[in-house]
Amino acid sequence: MVTLASEPGALDLFWFPMSIFVTGMILTLTRNPIKIQKMGIILAIIGTIFVAISPFTLPDSPSSSFGQLILLLLGPTILLIFANLSSIKDNKNEYIQTFLMILALSWIVLIWIIGPQFNNSGNDFWLLWVISIQILSTIILFSQAYLEENTNAKILFLFLGISILLLNEEKLGLPNASRALFIESSGTISGAIVGFFFGLIIWFYTIQKLHSREDDLKMDKELTLDEKNLLLTKLNNDLEWIENFEGGKYE
């Protein structure tokens, strides 16, 4: 609290909101009452807002480049959410949905062409995000080309996948194009995915081990006289209810 009151820094204006966002997502995605899930959504939104404005609150912090990425993607994300909501509420709003989706994609392409800068240098998080989308799209297209039975469709998906890979060819003169960056980012993404899955495996293994060490429930071998009478009374009441139940077939 002293840090918050005296001199706010990256801990207060970036990492603390980031922890609020993570906490909100955990409350939202895990099995909790609806009120708790709604509170998690509110916390996630608050954390996202503070992280997104970190380029203005912490202009000299390297962590704020990630906040700039979130800020750049907020607009297209909101447009895509509105597009999905319009399709859910009314199937006749196809033109509105298409317009919003095209506007969102055009927004992302425009940012890609401009090339966002942070502290007079390219935003590494933005480039990493763009390359991640390219890799994911290429994998999907190549997989679809492999699964597709129609020859023309196979060629089309294969061509689209290769075209996305060529977006990182410097000789084409495209903005933000770099084979070296693509290869480096591919290694970073692959390492992050492998680390994520290993983390999940270790987490579930640890939880399983902790549960296996729990003592079994200890049951009393003998019931007291009052407990026996109570048990017999309940059994007799259940039997009487079964016998009086109309339409029940019991042997």
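The values are calculated or read from the model by the stated rules, or taken from the named source; none is laboratory data. From a predicted model like this one, the values you see are computed outputs, not experimental measurements. Methodologically, a virtual Cβ is constructed for each residue, glycine included, from the backbone with ideal geometry; neighbour enumeration extends over all protein chains shown. SASA here: full protein model, heavy atoms, side chains in, ligands and nucleic acids out. Shrake-Rupley method; radii C 1.70, N 1.55, O 1.52, S 1.80 Å.
Extension gain, Thr23-Leu11: 0.36 nm per intervening residue step, less the Cα-Cα distance, totals 2.7 nm. Computed from backbone phi, the HN-Hα couplings of the stretch 196-208 come to 5, 5, 5, x, 5, 4, 4, 4, 5, 5, 5, 4, 5 Hz, rounded to whole numbers (Karplus: 6.51 cos²θ - 1.76 cosθ + 1.60, θ = phi - 60°; Gly and Pro given as x).
Per residue, the stretch 74-167 exposes 70 Å² of accessible surface when a 1.4 Å probe is rolled over the protein heavy atoms with every protein chain present.
When the GluC sites (Glu not before Pro) in the stretch 63-151 are filtered for DSSP coil states and for at most 11 other beta-carbon atoms within 10 Å of their beta-carbon, the remaining sites are Glu149. Summarising the label geometry, the points placed 7 Å from Cα in the beta-carbon direction at Thr188 and Ser106 lie 3.1 nm from one another. From the P(r) of the stretch 19-161, can you give the percent of Cα pairs sitting at distances over 18 Å? For the stretch 19-161, the share of Cα pairs beyond 18 Å comes to 71 percent. Across the stretch 147-163, coupling constants 3J(HN,Hα) worked out from phi with the 6.51/-1.76/1.60 Karplus curve, θ = phi - 60°, read 7, 5, 8, 6, 5, 4, 5, 4, 4, 5, 5, 5, 5, 5, x, 5, 4 Hz, and Gly and Pro carry x.
Label sites at Leu200 and Thr233, each approximated as a point 7 angstrom past Cα along Cα to Cβ, lie 5.2 nm apart. Over all directions, the projected convex hull of the C-alpha atoms in the stretch 7-65 averages 3.9 nm² in area.
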